[in-house]
Amino acid sequence: MTTTAPPTGAAAPAGAYRASTRQNLVTIAFGWWLVLGLFVDGWAHNQFGETLETFFTPWHALFYSGFLAVAGWCLLLASQGWRQGRRGLAAFPDGYHLAALGVPIFGLGGLGDLSWHTVFGIEVGIEALLSPTHLLLFAGAVLILGSPLNAAWRTPTGRRAPAGVRWVATLAAASLLAVTAFMHMYLWGLMVVPQGLGWVQTRGELSAILLTALILAAPVLLLLRRFELPFGAITLMYVLTHLGLSAMLTPGDGRVPLVALVTGLLADVLAAWLRPSPARVWAWRAFAFLLPLGVWAPYLGGAARLGLSNLSLELWLGVAVMTGLGGLALSVLLLPPPLPREARAEEG
């Protein structure tokens with residue numbers, strides 16, 4: 001028995017076309033291939049610097065082959081939708097319209113990257129992160145990596161979605177956090193001490209800590225806005241991100257991944273205890289404040305205690321409290337107070 005594509009004029013099938021949990025996990029696996037290539041390429045830039053003279057390197061091969069794998073898989077999913085009679089963005093699984101945009105954006109960035117390197121050579125230092133073509137690659141990668149998270153978010157279930165859906169959301173968010181941390185490695189507060197910048201006293205370094213705190217808190221609070229996270233989800237996101245950063249920037253130094261493990265477990269315990277959710281606003285606000293505080297108070301206090309930082313008690317504790325206030329502010333943006341009835345009527 002053979003299956004043929006419906007006639008061109010046939011109506012698209014009713015109902016949403018959704019990727020299965022298994023298909024989403026395959027997308028995530030291919031996406032992590034891309035992320036691994038990104039961190040290996042970053043390691044090469046940090047190790048070899050100005051000696052890199054060509055676009056065609058083993059680490060670029062790993063990075064771009066990861067893109068080809070995840071792009072090919074997303075197009076395969078779209079071909080299944082096409083055979084069902086769906087056209088345009090509707091041929092992609094629900095939530096994968098991000099990948100439909102991300103694949104050509106990344107491809108354009110890759111072609112631009114090749115041309116840029118050919119004309120201007122290989123960037124060194126922060127220039128390698130902020131060159132226009134690399135920012136285009138970053139934008140495309142975020143759209144692709146975010147597709148499984150978007151798909152999980154749009155799944156018609158409540159906060160206690162099936163475990164597979166919640167882990168899809170967690171793993172996809174972890175890849176987004178890792179890529180964002182990569183692009184902000186020069187401002188990543190948790191790498192200050194291991195990179196020998198431990199005498200944290202300048203405004204710039206303290207600002208980096210506050211920025212890092214916001215980036216670490218954002219995906220956790222976003223996920224908790226939609227799902228009841230399984231225990232270990234926050235630990236997984238934090239550890240995977242900092243394993244990549246540590247291996248790239250400080251090979252052989254396991255202090256930062258250990259900090260990520262301990263603070264991630266603390267955050268998971270807090271989430272299990274407080275059960276933050278939109279229905280429990282007080283718990284949501286308390287968790288948003290305690291999440292970054294539980295990362296930065298032990299980190300900064302421990303660094304000061306071990307002589308790795310010259311921050312006074314007032315300064316390191318004050319900065320830690322500021323990170324908590326930043327998390328609280330994020331929680332208000334993600335879950336603002338309800339509007340008065342009159343304001344809702346005007347919006348309607």
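Each value in this text was obtained by applying a stated rule to the coordinates, not by laboratory testing. Treat the numbers as computed from the prediction; the structure is a model and nothing was measured. Glycine also receives a Cβ, built like all others from the backbone with ideal geometry; neighbour counts cover every protein chain displayed.
Placing +1 at every Lys and Arg Cβ and -1 at every Asp and Glu Cβ, with all other atoms neutral, what dipole size does the stretch 18-162 have around its Cα centre, in debye to the nearest 20?
1220 debye
Based solely on its DSSP helices, what 222 nm [θ] is calculated for the chain when runs of n ≥ 4 H residues each add -39,500 (n - 2.57) and the sum is averaged over all residues, nearest 500 deg cm²/dmol?
Value at 222 nm, helices only, nearest 500: -23500 deg cm²/dmol.
Compute and list, largest first, the equivalent-ellipsoid semi-axes of the chain from the alpha carbon gyration tensor, each √(5λ) rounded to a whole angstrom.
Each semi-axis is √(5λ); the values are 36, 29, 17 Å.
Order of 205, 314 from fewest to most other C-beta atoms within 10 Å?
Neighbour counts put them in this order, fewest first: 314, 205.
Order by neighbour count: 246, 312, 65, fewest other Cβ atoms within 10 Å first, most last.
If I rank by nearby Cβ atoms, fewest first, I get 312, 65, 246.
What is the magnitude of the charge dipole of the chain about its Cα centre, with +1 placed on the Cβ of each Lys and Arg, -1 on the Cβ of each Asp and Glu, and no other charges, expressed in debye to the nearest 20?
I would put it at about 1480 debye.
Normalising by the residue count of the stretch 18-162, find the relative contact order in percent from Cα pairs under 8 Å and 6+ residues apart.
Once normalised by length, the contact order is 28 percent.
Identify, among 152, 131, 68, the residue whose Cα sits farthest towards the positive end of the charge dipole of the stretch 18-162, taking +1 on the Cβ of Lys and Arg and -1 on the Cβ of Asp and Glu, with the dipole about the Cα centre.
Of the listed residues, the answer is 152.
Mean-square fluctuation check for the chain, GNM, Cα pairs under 10 Å: which of 251, 104, 338 is largest?
Maximum fluctuation in the GNM of the chain, among the listed residues, is at 338.
If neighbour count is taken as other Cβ atoms inside 10 Å, put 185, 237 in order from fewest to most.
By the 10 Å Cβ count, ascending: 185, 237.
Which residue, 77, 340, 267, has the largest displacement toward the positive end of the dipole of the chain when charges sit on each Cβ (Lys, Arg +1; Asp, Glu -1)?
Of the options given, the answer is 340.
How much net charge surrounds residue 174 when only other residues with a Cβ under 15 Å from its Cβ are counted (Lys, Arg +1; Asp, Glu -1)?
Once positives and negatives cancel, what remains is 0.
Counting only trypsin sites (Lys or Arg not before Pro) that sit in a DSSP loop (anything but H, G, I, E, B) with at most 12 other Cβ atoms within 10 Å, what is the longest stretch of the chain containing none of them?
Of all site-free stretches, the longest is 161-348.
Given a 10 angstrom Cα cut-off, can you work out which residue in 310, 24, 150 is the most mobile in a GNM of the chain?
Comparing 310, 24, 150 in the GNM, the peak value goes to 310.
Compute a Gaussian network model of the chain, connecting alpha carbons closer than 10 Å, and tell me which residue from 190, 334, 245 fluctuates the most.
In this elastic network of the chain, the residue with the biggest mean-square fluctuation among 190, 334, 245 is 334.
Using just the alpha carbons, could you tell me how many Å³ per residue the convex hull of the stretch 18-162 encloses?
Taking only Cα atoms, the stretch 18-162 has a hull volume of 114 Å³ per residue.
Let me check against my output: what whole-number percent is the relative contact order of the chain, with C-alpha pairs under 8 Å and at least 6 apart?
Over the chain, the number comes to 15 percent.
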